[in-house]
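One structure below.
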Amino acid sequence: MKLIELFALVTVLGLILAGGCVAMTNKNTENTTTAAAFAPFSNTSDSGVTTTTNVTGNNTSELKGSLRVSVSGLLYPVNLSVILDNETVGTVTPTTPLYLTVSEGNHTVIVCVSSVCEREDVTTRFGRYVNVDFSERLQRDVKFQNPTAQPAARILDYYKNGDTITVVVEFINPSKKDLMMSVEVSCGYNYIDDRSNLKMGDSARGMLTQNVKAGQSTTELLYLNFVSGQSYSYSSPVIEELKIK
């Protein structure tokens, strides 16, 4: 009887120990499975491309490039408006360029002096620096470089051909509208009369009229005729009067 009881006790202890081992093994397996269940969060588009979302930062899809607009070579101080894609975005002076940050792509930059406008088409890219300088074109196309001045006329040159003086007159219109401009020019001179051989004095006069476009200048020739004689001497032609309509 004692032998049988001892055997039964050993059998019960063995079953208890076996049950404890199984329970511990299941517990470890559960922990391992739970830890492996965490994965980075991602969004998958309809095309199958996966992009990671940064939850803590700002997410923007519009890239921008840098643009510098200048008129550094102009000879007069003036504030000029800068137009980007039909919208005024700032001003620029000969000493102060305009710096812009604009979206990637094709853009149109325009700078105007009075009615004369210069245009440049540019392409901006992210990380790329684009510089546009309009000074050379404005100096070439704006004949009169002081847009605050009044309309004027001046004599650029003159020369004699026989008994005629040819006068080169420049009309200057810095305003924003077309003007009808007229000048009266005179030139005093001396000569020897063919009949009496006496030294005589006189003056030649003439008038010149020209329609001058806004923001432009034009050059015209005026011919002043001397009376018939010999040994001419003459003074410099002068503008006696300027009329503007």
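Scanning the stretch 124-143 for residues that are closer than 16 Å to V71 by Cβ and in a loop (DSSP other than H, G, I, E, B) gives F134, V142. For the stretch 64-85, how many residues are assigned to a loop (DSSP other than H, G, I, E, B) and either in the same structural domain as P174 (by TED's automatic domain parsing) or at pLDDT 90 or above (or both)? Adding up the residues that qualify gives 1. Among residues that are among the small types (G, A, S) and touching a strand residue (DSSP E or B) at 6+ places or on another chain (Cβ under 6 Å), S228 is not included.
The values are calculated or read from the model by the stated rules, or taken from the named source; none is laboratory data. Remember, it's a predicted structure, so these values are computed and weren't measured experimentally. Don't worry about glycine lacking a Cβ; one is built from the backbone with ideal geometry, like all the others, and counts go over all protein chains shown.
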